[in-house]
């Protein structure tokens, strides 16, 4: 493995992933401080869970599957879906509550980091990225299969544990708060 590839993998797994999780925690904290359960409520929280699910697909593919043309296409589609849901979320929330400057900064990170990660993966696996576009020397591999050389178990355990603690758990609690305070018809 060459040094550039190693450094890019370290940057993606050891820097970008933790920063991305911390941005998710910061966004949750912004919502907690804003008490979204008293303003935008359940619908906004449901949109947050949808965005987590969309990017969850991309993250699982990146961590567990070979970067085939199919895997890259799936990650790309997940990022596009996340962008569309982000737009819907912000359009909805903006009419129901203030979105302070610090939350907007966090949203900026949350929008750019998935694409940054995707770009890094494309660079790492340029052959299949080009093949997916009908370019390059490789034939496009449209299969989904487990990584031939999986990431270390300790890393996956740490990643999934941190995701649960810093992102999934807090946003599930946010949804629960919004559910409990939703208007009854």
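So which residues in region 95-135 are touching a residue at least 60 places away in the same chain (Cβ under 8 Å), more than 23 Å from residue 82 (Cβ to Cβ) and in a loop (DSSP other than H, G, I, E, B), if there are any at all?
Across region 95-135, the qualifying residue is only 98.
Count, please, the residues in region 133-155 that happen to be more than 23 Å from residue 2 (Cβ to Cβ) and in contact with a helix residue (DSSP H, G or I) (Cβ under 7 Å, 6 or more places away or on another chain).
Looking only at region 133-155, we keep the residues that are more than 23 Å from residue 2 (Cβ to Cβ), and these are 133-134, 139-140, 142-146, 153-154.
Right, trim to in contact with a helix residue (DSSP H, G or I) (Cβ under 7 Å, 6 or more places away or on another chain) and you get 139-140, 142-144, 146.
Number satisfying all stated conditions: 6.
Can you tell which of 32, 43 is under 15 Å from residue 166 (Cβ atoms) and part of a helix (DSSP H, G or I)? Reasoning before the result, please.
Details: 43 fails: under 15 Å from residue 166 (Cβ atoms).
So the residue among 32, 43 that is under 15 Å from residue 166 (Cβ atoms) and part of a helix (DSSP H, G or I) is 32.
With the checklist (1) assigned to a helix (DSSP H, G or I); (2) touching a residue at least 40 places away in the same chain (Cβ under 8 Å); (3) within 30 Å of residue 141 (Cβ to Cβ); (4) out of contact with any strand residue (DSSP E or B) (no Cβ under 6 Å at 6 or more places or on another chain) in hand, flag the one item residue 25 doesn't pass.
Residue 25 satisfies every listed condition except (3).
Table: residues versus (1) assigned to a helix (DSSP H, G or I); (2) crowded, with 18+ Cβ neighbours inside 10 Å; (3) without any contact (Cβ under 8 Å) to a residue 24 or more places away in the chain; (4) in contact with a helix residue (DSSP H, G or I) (Cβ under 9 Å, 6 or more places away or on another chain).
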| residue | (1), (2), (3), (4) |
| --- | --- |
| 5 | yes, no, no, yes |
| 15 | yes, no, yes, no |
| 18 | yes, no, no, yes |
| 48 | yes, yes, no, yes |
| 51 | yes, yes, no, yes |
| 62 | yes, yes, no, yes |
| 67 | no, yes, no, yes |
| 71 | yes, yes, no, yes |
| 77 | yes, no, yes, yes |
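Looking at region 136-182, which of its residues are surrounded by fewer than 13 Cβ atoms within 10 Å (Cβ to Cβ), in contact (Cβ under 8 Å) with a residue 12 or more places away in the chain and closer than 23 Å to residue 38 by Cα?
180
Here are some conditions: (1) under 21 Å from residue 17 (Cα atoms); (2) buried (at least 17 other Cβ atoms within 10 Å of the Cβ); (3) at pLDDT 95 or above. Residue 125 meets all but one. Which one does it not meet?
Every condition holds for residue 125 apart from (3).
The values are calculated or read from the model by the stated rules, or taken from the named source; none is laboratory data. Source: prediction; values computed, not measured. Positions of Cβ are backbone-derived with ideal geometry, glycine not excepted, and every protein chain shown enters the neighbour counts.
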